[in-house]
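So the structure is just underneath, and the comments pick up after that.
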Amino acid sequence: MENENFMKWLDQMKLSHPLLIAGPCSAESEEQVLEVAHELTKTDATVFRAGVWKPRTRPGSFEGQGTKALPWLQKVKKETGLLTAVEVGNAQHAKLALEFDIDILWIGARTTVNPFTVQEIADALKGTDKVVLVKNPINPDLELWIGAIERLYTSGIKNIGAIHRGFSTFRKTKYRNIPNWQIPIDLKIKYPTLPIINDPSHICGEREGIFDVAQTALDLKFDGLMIETHCHPDQAWSDAKQQITPQRLVEITENLRVRRETFEQEESLAKLQALRKEIDALDAQLLETLSSRMQVVENIGLVKKQGNVAILQNTRWNEILQKVVDGGISHGLNKEFIENVFKSIHQESIAHQKKIIDA
Ligand code: PEP
Ligand code: MN
């Protein structure tokens, strides 16, 4: 999949790179939409976002103002010159967004998981030159994300991009949706010309972490940010905790470092820093995995204690070692290295189980 057009489109529309998309989670009223949009003209944002159809986890929550809010977005464009973006959740939404000349349509995380719906949206948008952005599916599944992008691509949609909004997890973490940076990195490696925009608002779920996540995205050479912005965030009808004011958006963007690529030296330094960020993200993932593994080891310890079974089960350990050595070799890793790593993990696991059994 080649997608050189998007960059050309950014140039043509004289949009910033990285692109800054901002606006409320939901369009609540015409006044609220216009108030935010006018405030955003004092920021670096060039695209105004607002959800008109809101997919909500529980019934009874505010589900968006629907079609009647689309003229409000047209008014935003007329009064402020900002381009407009809405989420489309089905083919009907997509048709309406085209009818009301919305510039950017995005497919939400809950829709990306459903190939039938994505296909229907792709059919409704056949051949459009509007920009269509695909949020990652809520579950950490790169193939599903790529599949949705492919469906748009094969429908002749020229300006396609991706939005990384994090992944849901059962585990309690400081994020609302864990970033799992390796997944968008893998997408970028596979499709180097596909623009990826980061959505720190839905990753964090609160205001505090937005700067750090946005900076990491820029260090990883993402092509833009989508940040939820509301003039009175605490009173927002949806996602109140994570929305920031336009004033806060200015503070954040003023402090974000965007790597310039003017001199060769600077370029290689930026590359080095981007790679180091990748290493940091991978190391964080390794630690998470090790900690989850240790949790399971402790649960096994409890079962062994109840069954009065010995900690060390030689045959099981030999099986594990053989499996990881074979797996490691097939990934191009050195046999001795894998043995050392896993012997060390095993030793630590035994220590954890011993503590449980002796308690
Ligand atoms: C949104 O952008 O408001 C939204 C609903 O996002 P997501 O699909 O990432 O949950
Ligand atoms: Mn939201």
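The values are calculated or read from the model by the stated rules, or taken from the named source; none is laboratory data. Everything numeric here is computed off the predicted structure, so don't read it as measured data. Cβ atoms come from the backbone with ideal geometry, glycine included; neighbour counts cover every protein chain shown. Protein only, heavy atoms only, side chains kept; ligands, DNA and RNA dropped before computing areas. Shrake-Rupley method; radii C 1.70, N 1.55, O 1.52, S 1.80 Å.
Loop-located GluC sites (Glu not before Pro) in region 35-110 (DSSP state other than H, G, I, E, B) with a sparse environment of at most 16 neighbouring Cβ atoms within 10 Å: E63.
If you take the charge dipole of region 49-101 about its Cα centre, with +1 on Lys and Arg Cβ and -1 on Asp and Glu Cβ, which of T84, T57, L96 is farthest toward its positive end? Result: T57. Helix 314-330 and the longest principal axis of the C-alpha atoms of the chain enclose an angle of approximately 50°. Just need log10 I(q)/I(0) for the chain at q = 0.06 Å⁻¹, Debye formula, equal scatterers on the alpha-carbon atoms, no solvent, rounded to two decimals. Rounded to two decimals, the profile gives -0.28. Per-residue surface analysis assigns R110 an accessible area of about 90 Å², computed on protein heavy atoms at 1.4 Å probe radius. Taken about its Cα centre, region 43-179 carries a charge dipole of about 620 debye when Lys and Arg each add +1 at the Cβ and Asp and Glu each add -1 at the Cβ. Relative contact order, whole percent, for the chain stands at 14, derived from Cα pairs under 8 Å and 6 or more residues apart. Cβ-Cβ distance of H346 and N308, R₀ of 25 Å, FRET efficiency by 1/(1 + (r/R0)^6): the value works out to about 0.70.
In a reduced charge model with +1 at each Lys and Arg Cβ and -1 at each Asp and Glu Cβ, the chain shows a dipole moment near 900 debye about its Cα centre.
Apply the Debye scattering formula to region 283-359, with a single equal point scatterer on each alpha-carbon and no solvent, then give log10 I(q)/I(0) at q = 0.11, 0.14, 0.15 Å⁻¹. Rounded to two decimals, the profile gives -0.32, -0.51, -0.58. Counting only Cα atoms, the size of region 120-219 along its three principal axes is 40, 27, 23 Å, in decreasing order. Counting only lysines at least 8 places from K78 when in the same chain, those with an alpha carbon closer than 23 Å to its own are K14, K42, K68, K95, K130. Per residue, region 64-170 exposes 38 Å² of accessible surface when a 1.4 Å probe is rolled over the protein heavy atoms with every protein chain present. For the chain, the longest principal axis of the C-alpha atoms and the axis of helix 30-40 are separated by about 80°.
For the chain, modelled as a GNM whose springs connect Cα atoms under 10 angstrom apart, the maximal fluctuation among K68, K335, K54 occurs at K335. Kirkwood Rh over alpha-carbon pairs of region 171-268, then Stokes-Einstein at 25 °C and 0.890 mPa s: what D in µm² s⁻¹, rounded to an integer? Calculated translational D: 167 µm²/s. Which listed residue (N177, P246, A27) has the Cα farthest towards the positive end of the charge dipole for the chain, taking +1 on Lys and Arg C-beta and -1 on Asp and Glu C-beta about the Cα centre? Projecting each Cα onto the dipole axis, the largest value belongs to N177.
Only beta bridges with both residues in the chain are counted; by DSSP, about 5 percent of them are antiparallel.
The equivalent ellipsoid that matches the C-alpha gyration tensor of region 71-147 spans semi-axes of 24, 13, 10 angstrom, in descending order. Among the listed pairs K323/K355; K135/K271; K126/K174, which have their C-alpha atoms separated by more than 31 angstrom in this model? Over 31 Å Cα-Cα: K126/K174. Using only the alpha-carbon atoms, how far is helix 210-219 inclined from the longest principal axis of the chain? Give it as 0 to 90 degrees, nearest 10. Between helix and principal axis, roughly 80 degrees.
Highest GNM mean-square fluctuation among L70, L144, L312, for the chain modelled with Cα contacts below 10 Å: L312. Can you send over the carbon and sulfur percentage of the accessible area for region 163-313, probe radius 1.4 Å, protein chains only? Whole-percent figure for carbon plus sulfur exposure: 56. Relative contact order of region 232-340, taken over Cα pairs closer than 8 Å and 6 or more residues apart, is 9 percent. Dividing the convex hull volume of the alpha-carbon atoms in region 42-186 by its residue count gives 137 Å³ per residue. Placing +1 on the Cβ of every Lys and Arg and -1 on the Cβ of every Asp and Glu, with nothing else charged, gives region 109-248 a dipole about its Cα centre of roughly 100 debye. The alpha-carbon of K354 sits under 18 angstrom from the alpha-carbons of these aspartates and glutamates, leaving out residues fewer than 8 places away in its chain: E298. Of R165, R58, R151, R257, the order by accessible heavy-atom surface (1.4 Å probe, DNA, RNA and ligands excluded), from most exposed downward, is R58, R257, R151, R165.
When the chain is treated as a Gaussian network with alpha carbon springs shorter than 10 Å, the biggest mean-square fluctuation among S16, S238, S291 belongs to S291. Hey, how much of the P(r) for region 203-359 falls beyond 22 Å, as a percent of Cα pairs? Looking at region 203-359, the distances longer than 22 Å represent 64 percent of pairs.
Computed across region 1-104, the Kirkwood radius stands at 14.4 Å (inverse of mean 1/r, all Cα pairs).
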